[in-house]
Structures are given as structure tokens and as C-alpha cells.
Amino acid sequence: MEIARWLGWPILLVVPCRNAGRSITAAINGFIAEAGGEELFSGIILNQVNTESHAEYLRKACSTLEVPILGALPEIPELNWPERHLGLQPGVEQKLADANELAEIAEKYFDLNLLVKKFPALSASVKQKNTQHSTPQNFSKRIAVAQDEAFHFYYAANLEWLRQQGAEIVSFSPLHDSHVPENVDALLLGGGFPEVFAEKISTNKSMLSSLKKTVESGMPTYAECGGLMILAESMKLRSGQNLAMAGVIPGMVEMTKRLQHFGYCKIALPEKGEVRGHEFHYSQWSAETNRANLWDVTRHSTGNFRKEGFRTANLHASYVHLYFPQAASLIAEILRIYPKELAKC
């Protein structure tokens, strides 16, 4: 709601209603008061209603509200999305309802005419070309990017930024492929769930060997969170099982029961100003206390800082997720996208 206030966006409030009674209006009024008034809200969706009669009962209970009810959605098993330790289970690991199925559900349970009236932007074609996502025709760099079930935590804007700098994204899979792609200029290992697929990663010896040889050959390498984990000597699961990884970074990565260093952070770089990032992981690098040499990370919420990450002449490995357009000069240096190639951000 705070972001909606900042940007002047209308709010669509989705209210969980399983077994709810007339008191649901008190909860809705609480959200409205917290947001700053009914004028900020364009509609309400009643979610997880028990039956059609329950939905009608709640509609009548909400009839005194100034904000219109735009739909009432029952519990639909096909739309259930299981959670895991870092949030929702990734879509790449399961079959989700497709656009046609979702459209049929919306037609059945929502007042689409009123919804579009309240949110005019919904009527715009989803196929409309976005001129901001143009890809250069001539590539100056080829960057190998790990993309599979285990590695897929990437800001879309980060990959698009790389393309805008003239980089061709060459996807590969540390799970399924046997080696890093050939004829590339840099290596990008993003975040994901390597711990979930740790046994399969560990048995893919040819890929682990290829990763080690590639990094140690001097290839510019950016490893972020999951990337740091696969480059460690080993990964210790919560079961106690310790599995071999690529062995580029000293020490092991150990899975933990609680989030580690969760939240926003900032890093001051003497020659590049400040970069801001985010940490979100249930693991810790065992050698951080005595081998971290990358940078000092300051927690946004507490002001506490620690030495974090690992680097060599060509490797940048960290738990911190960065937004490339904001950290442009740093990323350009790591991946050796030189100033003449660096597009205006």
C-alpha cells in the first residue's frame, strides 16, 4: 500500500475469506484506514470463499463499504502454489494454470467489465511491443548464464541491461549440461535453489570440473548467492550430508534452519560510490569469518556491517543480489564491459 501511495496507483485489495463472517468488514476497514482512505481503493476481491452462498453472504456484509466488490473466488486446487524455505516453489518446477485457464476462471468469478473500468490499464494488449526491450543486432560480448531449475533467481532487468550493453546471453544448465559453453567472454552464476538439487549437481562431475577450469583460467565471473554456493568446496545439507561442489571458493556452504543476514544492504565502493543490494538465503559460508575479502556489507535496518564475499582477479562471488542498472560501473568492471561498450543507463 505504501508503494501505491508513492506512485498514485489504485489498490485492488484481495481478502482471504475462508470461513469468514461479517467481521470481514472490520478487517477491510482496517486496511482502508491504514492506507489513508477509501479513495485509494478501486476494488476488492473476496478470495477463498467456501461456497456461492458464502460469497453472497459476504457481499451483503460488505454492502456498506464504498469500495466495490469486483469478484469472489472459491478455493481452486489447481491454483494452489506450494511454499518452500525461500518462498513459493518456482514455476519452472511445476505445471501452472495457463493463460486460457486463468481467463476462464476470471470470466466465471469476476465482474470483468467493472474490473476493466476501475483498472483501465488492463484493457491494453499484453502483446503490445515494449520499445524499451530492444536487443542489439551486433553483440560485442557472449556471456554464459546458468539458467535451469536450480539457478533462476535473476532480475529480468539485469539480463536486459546486459543485452543493452551488447551482450549475448548464452544459457546453460549446471544440472543437465556437461560443461560451460565454449567461446564465451564471461560467466554469470545467479541465485536459485542449488541446495534442493545438490545431489544431482554433485554427481555432475564434468560440469563441476568445467566450472573450476573456466574460473581458474581467468574468465570474468560473477557469482551471486547460489553461484557462490556451487563454487564452494562443498555443500552441507541440513540432513548432515556433505556434497562436493566445484572447489573454486575455499570452505563449505552449510544450510541453516533460519534466514541469514536477510534484508536490504549497502556497500560503499571508494571509486564507484554506493551500491545497494538484498540478501535472502538459508545458508552460510563457513570461511566467511577469515576468508571474506570482497567488501563490507552494511545492513540497511540495523547499520551493522560485516566483511562478505570472495574475490580473485577475475571472480566476484557474494550472497548479495545487485540491481545491475544501479551498480552499472561495478558490473561492467567485473564482466569487463569496457567504457566504450557501456551504454547510457
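Just so you know, all these numbers are worked out from the coordinates, no wet-lab data involved. These figures come from a predicted structure and were not determined experimentally. Quick reminder, even Gly has a Cβ in these numbers, built from the backbone with ideal geometry, and neighbours come from all protein chains shown.
Figures for the structure shown
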item: Gyration tensor (Cα) of the chain, equivalent ellipsoid semi-axes in angstrom; result: 43, 24, 21
item: Residues whose placed amide H lies under 5 Å from that of V170, excluding near-sequence neighbours; result: I143, A144, V145
item: Karplus-derived HN-Hα couplings along the range 110-115 (A = 6.51, B = -1.76, C = 1.60, θ = phi - 60°), whole Hz, x at Gly and Pro; result: 10, 8, 5, 4, 6, 4
item: Proxy reagent accessibility, fewest Cβ within 10 Å first, across I28, I267; result: I28, I267
item: FRET efficiency for E78 and R258, using Cβ-Cβ distance with R0 set to 41 Å, rounded to 0.05; result: 0.80
item: Local electrostatic count, E75, Cβ distance below 15 Å [Lys/Arg +1, Asp/Glu -1]; result: 0
item: Nonlocal amide H pairs with Y319, under 5 Å, H built at 1.01 Å; result: C225, G309
item: Gaussian network model of the chain, Cα within-10 Å springs - most flexible of P68, P250, P90; result: P68
item: Point-charge dipole on Cβ atoms (K/R +1, D/E -1) for the chain, about Cα centre, debye to 20; result: 660
item: Estimated FRET transfer efficiency (S23, A156; beta-carbon r; R0 30 Å; 0.05); result: 0.15
item: Projected-area average for the range 164-261 over all orientations - Cα convex hull basis, square nanometres; result: 7.0
item: Förster radius 35 Å - calculated FRET efficiency between R299 and A4, Cβ distance, rounded to 0.05; result: 0.85
item: Amide H contacts of Q241 (H built 1.01 Å from N, under 5 Å, at least 5 apart or other chain); result: none
item: Positive-end extreme of charge dipole, the chain - chosen from V15, L122, F139 (charges on Cβ); result: F139
item: Cα radius of gyration and Dmax for the range 222-307 (Å); result: 13.6, 44
item: Projected label distance in nm at N100 and D148, using a 7 Å step from Cα toward the beta-carbon; result: 3.1
item: For the chain, built as a Gaussian network whose Cα springs stay under 10 Å, the top-fluctuating residue of P77, P220, P174; result: P77
item: Calculated P(r) tail over 30 Å for the range 141-341, as whole % of Cα pairs; result: 14
item: Cα centroid separation, the range 52-111 to the range 1-36 (Å); result: 16
item: Selected from F324, S209, G309, residue furthest toward positive end of dipole (the chain; charges at beta carbon); result: G309
item: Helix-only [θ]222 nm of the chain, DSSP H runs n ≥ 4, -39500 (n - 2.57) each, per residue, nearest 500; result: -7000 deg cm²/dmol
item: In sequence order, calculated HN-Hα J values of the range 167-175 (Karplus, 6.51, -1.76, 1.60; Hz; x Gly/Pro); result: 8, 8, 7, 10, 6, 8, 10, x, 7
item: Residue-wise HN-Hα coupling along the range 19-32, computed from phi with Karplus coefficients 6.51, -1.76, 1.60 (Hz; x: Gly, Pro); result: 6, 6, x, 4, 5, 4, 5, 5, 5, 5, 4, x, 5, 4
item: Residue order, fewest to most beta carbons within 10 Å, for I76, I3; result: I3, I76
item: Of E333, E34, E254, the one that fluctuates the most in a GNM where the chain has Cα springs shorter than 10 Å; result: E34
item: From the C-alpha gyration tensor of the range 30-100, square roots of 5λ in Å; result: 29, 18, 11
